[in-house]
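Take a look at the structure set out below.
The values are calculated or read from the model by the stated rules, or taken from the named source; none is laboratory data. It should be emphasised that the depicted structure is a prediction, and the values quoted were computed from it without experimental measurement. When we count neighbours, we look across all protein chains shown, and the Cβ atoms used for this are built from the backbone with ideal geometry, even at glycine.
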Amino acid sequence: MSLPDLSLARAAIAACRQRPGGLCVLTGAGMSAESGIATFRDALTGYWARFDPAELASVAGFRADPARVWRWYAERREGVRRAQPNAGHRALAAFEARHPGALVLVTQNVDDLHQRAGHAAVLRLHGDILDEQWLGPCAKRQAGGPACDPAQAQRGDPPRCEACGNLVRPGVVWFGESLPIAALARAEQAAADCAVMLVVGTSGAVWPAAGLAEHAARHGAQVVIVNPAPSEIDDQAHWLLRGTAAEVLPRLLEAP
Ligand code: APR
């Protein structure tokens, strides 16, 4: 990583410390890699190098084999619960604590490491792996009554509603599903409003999240990318910092 790029990126970030929403941060799976959570597209260790996303991260895949999909997510959840925020997560949270309101954090990650590092507000584009939802509409709700609570479902792989048999699914956004509208709209606004867009640990392979860097650049922001390897959105970067989240973010965000 060239030190001049690091110091120029640092200066650009330092310049927006006092500005509300001056720094918009987008994170991906690489942000949590040094916490022991696998990425998706890493050639050897990535989930999609070992499993078929159509089978494990789609409604059709879940319907085809609910038990297998549920168990796979249960294993990932255990991994998330065991994991701890790394120095990169902590550096972002410390920056936010020093400069309240300057940073808007958007993540594609379904883990809770940003929240555990201390961020109160995180725009989650791809859901929450620790959350549980009904696969289909709740029959009681449709009959005008209160919706059944997934947490009260009859346990099993996956749990199911005793009343109507509805299955419980993990609260993540699967391929072919829409992102949460409010979170995406706020992320796009934050990208348009920021002075610096800091992109950490994403391959830029999945839209619309991958479009946020270009959206920010089109609105005049400077784009900083932190990634040890090339990504599909490197052409949007003003500064490309070739290193890991836990190595680079503490140096990039440390107090002057
Ligand atoms: N620090 C920073 N970046 C890293 C690190 C690290 N320690 N380790 C790996 N990376 C980079 C990789 O080089 C890669 O570019 O993180 C990126 C991870 O890319 P993906 O595995 O494609 O993850 P992501 O971009 O978050 O995927 C987007 O795809 O499968 C879906 O819904 C899932 O949210 C996910 C989305």
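Contact map, segment 194-217: residues that are small (Gly, Ala, Ser) paired with residues that are in a strand (DSSP E or B), Cβ distance under 6 Å, separation 6+ or inter-chain. Pairs shown: GLY201/THR27; ALA213/MET197; ALA213/VAL199; ALA213/VAL223; ALA216/MET197; ALA217/VAL223.
Listed here are the residues, each with its yes/no results for (1) at pLDDT 95 or above; (2) near the ligand (Cβ under 10 Å from one of its atoms); (3) within 22 Å of ALA102 (Cβ to Cβ).
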position	(1), (2), (3)
GLY204	yes, yes, no
GLU214	yes, no, no
HIS219	yes, no, yes
ASN227	yes, yes, no
GLN236	yes, no, yes
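So that you can scan it fast, the table gives a plain yes or no per residue for (1) exposed (fewer than 15 other Cβ atoms within 10 Å of the Cβ); (2) away from the ligand (no atom under 12 Å from the Cβ):
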residue	(1), (2)
GLY28	no, no
MET31	no, no
SER35	no, no
PRO53	yes, no
LEU56	no, no
ALA60	yes, yes
ALA74	yes, yes
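The set of residues in segment 200-256 that are basic (Lys, Arg) and part of a helix (DSSP H, G or I) comprises ARG218, ARG251.
Within segment 136-148, residues that are without any contact (Cβ under 8 Å) to a residue 60 or more places away in the chain sit with their Cβ atoms under 9 Å from residues that are surrounded by 11 or more Cβ atoms within 10 Å (Cβ to Cβ) and acidic (Asp, Glu), at 6+ positions apart or across chains, in these pairs: CYS148/GLU162. Residues in segment 77-89: is at least one aliphatic (A, V, I, L, M), in contact with a helix residue (DSSP H, G or I) (Cβ under 7 Å, 6 or more places away or on another chain) and surrounded by fewer than 15 Cβ atoms within 10 Å (Cβ to Cβ)? Looking for residues that are aliphatic (A, V, I, L, M), in contact with a helix residue (DSSP H, G or I) (Cβ under 7 Å, 6 or more places away or on another chain) and surrounded by fewer than 15 Cβ atoms within 10 Å (Cβ to Cβ), one finds none in segment 77-89, hence no. Of all residue pairs spaced 6 or more apart or on separate chains, those with beta-carbon atoms under 8 Å, a first member in segment 73-93 that is more than 19 Å from THR45 (Cβ to Cβ) and a second member that is in a loop (DSSP other than H, G, I, E, B) are ALA74/ASP157; ARG90/GLY118; ALA91/GLU254; LEU92/HIS119; ALA93/PRO85; ALA93/GLY118; ALA93/HIS119. Within segment 1-49, the residues that satisfy the criterion of being at pLDDT 90 or above and among the acidic types (Asp, Glu) are GLU34, ASP42. For segment 76-96, how many residues are more than 13 Å from the ligand (Cβ to nearest atom) and either modelled with pLDDT under 95 or in a helix (DSSP H, G or I) (or both)? Within segment 76-96, residues that are more than 13 Å from the ligand (Cβ to nearest atom) and either modelled with pLDDT under 95 or in a helix (DSSP H, G or I) (or both) number 11. Scan segment 45-66 for residues that are of a type in the set (Gly, Ala, Ser) and assigned to a helix (DSSP H, G or I) and jot them down. The answer is ALA49, ALA54, ALA60, GLY61, ALA64.
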